[in-house]
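Nothing in this text is a laboratory measurement; each read-out follows from the coordinates by a stated rule. What you are looking at is a predicted structure, and each value in this text was computed from that prediction instead of being measured. Here Cβ is always computed from backbone atoms with ideal geometry, including for glycine, and neighbour counts include all displayed protein chains.
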Amino acid sequence: MAEFTGERVIPGLVDADLFNEHVSRYRFAARLIRPGAAVLDLGCGTGYGTAELAAAGSIIGADVSSEAVAWAQEHYGRPGVRFIEASCDALPLSSAQFDVITAFEVIEHLEDWRGLLREASRLLQPGGLFVVSTPNKSYYAETRGASGPNPFHRHEFELAEFEAALFEFFPHVRIWTQNHAAAIVFAPSNPANGILDAEGSRAPESAHFYLAVCSEKDVVPNEVFAWVPESGNLLRERELHVAKLERELAEKDRWLARSIAELSELHREHEKTQQELQQQNLWAEQLNTRISERDARIEGLQNEANERLAWLRNIEASAAAVELDLNAEVAARTAWARGLESELAEKVTHVKILMGDNADLTNTIEGLLAAITDLKAERAQVAKSRWMRLGGTLHLGPVLPDAE
């Protein structure tokens, strides 16, 4: 039982108001128990309430939680008081053996809440009392507020439904309202007795809790019961609570001031970051502009390179065509010149054979020699032509002997 979860009250781990709210029910029930009575406390939890009823002859506390039973046995177990692990709607106990059975803030935790009432009726002796309490559904929901429904509650009751459920199993039902009210207490240091002047609640539908005593017949006085615990100095408690709240408020104010200062610093850092971001964005825009200009320049150079490459390819194609034409022309003229040389050689031979004082033959020879001279001059002219020079520059086409 290391912490209070809201399912069971743990002494020392809840505030005094909540603890007294639970203990007061056991104080109410203790007035109904005669000495030597057999008592059963259903849903005993950690056993603090079972111990309040220990004036009885014997008392059993029952709870479904093994951890709670072990804690109760360790802290409150003694002769005449024992604790068992058992479900409140199925108890391993013989019928009609208890004078008083209590079940405080248990019925709303059960899916089979009728099973608890059935077991209480079975285990109660004739003339015995069943004392049971539960929170007022409408008021309890209001107090929970934003926290929402209690996750440990399975079925909550309003007054009419609670009363009707009890009448299903018990012939007589008397219901008290339980409210945590402020009181003005006049007390000597050593009081001999107490006098109660209390009207109680006139509006049961707005009560905090309902507590019922069920029996075969009306055996319980119709009285107001009020318990003022030692820790019931509400004004002092409120003063302490207000002081605590003021300390918490001062701490929260300091925390708020620190938070505001931190927020201001964060705001300044944010503005600084925004300025740096704007500068970086401006630099990025300038860089993007330069990149765009560079890309455009690269694209222009690429287009220019492509145009020049196309021009060079056209030049290469033209040079190749010129080379072919020149090669063909040179080949043709070379063949023609060789034919002339062969013809000249034949004629020179013929001339040598027929040479004499014949003037016509001499003239013929001279004419052939002149033709040869003209042919060489023409070949030299071809070698010096624009196309042959272009071919030489590009290292294309033949190299004519006369051009060397």
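Quick rundown of the values:
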{"read-out": "Rounded to the nearest 20 debye, dipole of the range 255-403 from Cβ charges on Lys, Arg, Asp, Glu", "value": "200 debye"}
{"read-out": "DSSP-loop GluC sites (Glu not before Pro) across the range 242-333, with at most 12 other Cβ within 10 angstrom", "value": "none"}
{"read-out": "Computed FRET value (nearest 0.05) for Asn314 with Arg389, which takes r as the C-beta separation and R₀ as 22 Å", "value": "0.70"}
{"read-out": "Sum of side-chain charges, Ala70 neighbourhood, beta-carbon under 12 Å (Lys, Arg +1; Asp, Glu -1)", "value": "-4"}
{"read-out": "Ordering of 25-32, 47-54 by burial proxy (mean other Cβ atoms within 10 Å per residue, highest first)", "value": "47-54, 25-32"}
{"read-out": "Qualifying trypsin sites (Lys or Arg not before Pro) in the range 95-166, DSSP loop, other Cβ atoms within 10 Å at most 11", "value": "none"}
{"read-out": "Where labels lie 7 Å past Cα in the beta-carbon direction, separation of Glu329 and Leu245 in nm", "value": "11.9 nm"}
